[in-house]
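The structure appears right after this line, and notes come after that.
The values are calculated or read from the model by the stated rules, or taken from the named source; none is laboratory data. All values reported here derive from a predicted model rather than from experimental measurement. Cβ placement follows ideal geometry from the backbone for every residue including glycine, while neighbour counts extend to all protein chains displayed.
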Amino acid sequence: MDSIEKSQNKKKQNWRLFLVFVLLGLVVCGVIAFRGLGRWLVREDPPAHADVIAVLSGGLPYRALGAAKYFELGYANEVWITRPEGPAEQLKQLGISFTGEEEYSRQVLIQLHVPENVIRILPNNIINTEQEVEEIIRALQQTNETSVIIVTSPQHTRRVKALWDRLADKNLTAIVRAAPDDPFDAEHWWRNTRDALFVVREVLGLMNVWAGLPVRPHTDWGAPTTS
């Protein structure tokens, strides 16, 4: 009887030891995944020539700086800038002038010797990256062009590509590139609040893309969507 009890106790100890090793393994894997999340979000296509270069909103001035570099290298002959939604009308009612982000991006491009006549600000206001990608697709279709270099922040590249794959026709090509001078620290993103918030936002955004985009943008500046 004692030998049976000893055997059972030994099996229990072995089972507990096994669980400890499994938990330790999961913790190690979790730490590795956590630390590597910033690098995983950075997903660039190889550089290639395209019909146009598109500067996504946000990340001033780095995205515009990146677009100017690709233009200087001859990767495309035209640069598009998306127009993010802003509180222009609300501020106008208060007698306050408002210069949109797209104008600052345009000025950065001009300052870096991109000719004004090849810079185009796309007409429709956009609220989020989904609408931004749709606006670029619409502009390509209207101009009968088929390829674009999209310049965005490093941590934003994977989500942009995922949205493009979901929204664009197969005959349209997006070459997604990260702005070279953007200060995002992919190796140590958890060390400052700016990069940490970027990573959290991108992960949530990717989850929304993978789920079929159930979370919709708001309809007006400062007003939640009613749909």
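In table form, for the structure just shown:
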item: Some residue of region 39-55 being part of a helix (DSSP H, G or I), among the small types (Gly, Ala, Ser) and either at pLDDT 85 or above or closer than 25 Å to GLU134 by Cβ (or both); result: no
item: Per-region count, region 85-112, residues at pLDDT below 90, in a helix (DSSP H, G or I) and either in contact with a helix residue (DSSP H, G or I) (Cβ under 8 Å, 6 or more places away or on another chain) or surrounded by 12 or more Cβ atoms within 10 Å (Cβ to Cβ) (or both); result: 3
item: Verdict on THR82 being under 17 Å from the mean Cα position of the chain (by Cα), among the polar types (S, T, N, Q) and either within 24 Å of PHE198 (Cα to Cα) or part of a loop (DSSP other than H, G, I, E, B) (or both); result: yes
item: The listed residue being within 17 Å of LEU37 (Cα to Cα), touching a Leu at 6+ places or on another chain (Cβ under 9 Å) and among the charged types (D, E, K, R), out of ARG194, ARG201, ARG159, ARG138; result: ARG159
item: Helices (runs of 4 or more DSSP H) wholly inside region 128-227 that include at least 2 residues being in contact with a strand residue (DSSP E or B) (Cβ under 7 Å, 6 or more places away or on another chain); result: 129-143, 157-167
item: Residue match in region 57-65 (condition: surrounded by 13 or more Cβ atoms within 10 Å (Cβ to Cβ), without any contact (Cβ under 8 Å) to a residue 24 or more places away in the chain, on the phi < 0 side of the Ramachandran plot and not in a loop (DSSP other than H, G, I, E, B)); result: no
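Results for (1) in contact (Cβ under 8 Å) with a residue 60 or more places away in the chain; (2) among the small types (Gly, Ala, Ser); (3) over 21 Å from ALA50 (Cβ atoms), shown as yes or no for each residue.
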| position | (1), (2), (3) |
| --- | --- |
| ILE126 | yes, no, no |
| GLU135 | no, no, no |
| ARG158 | yes, no, no |
| LYS170 | no, no, no |
| VAL176 | yes, no, no |
| TRP210 | no, no, yes |
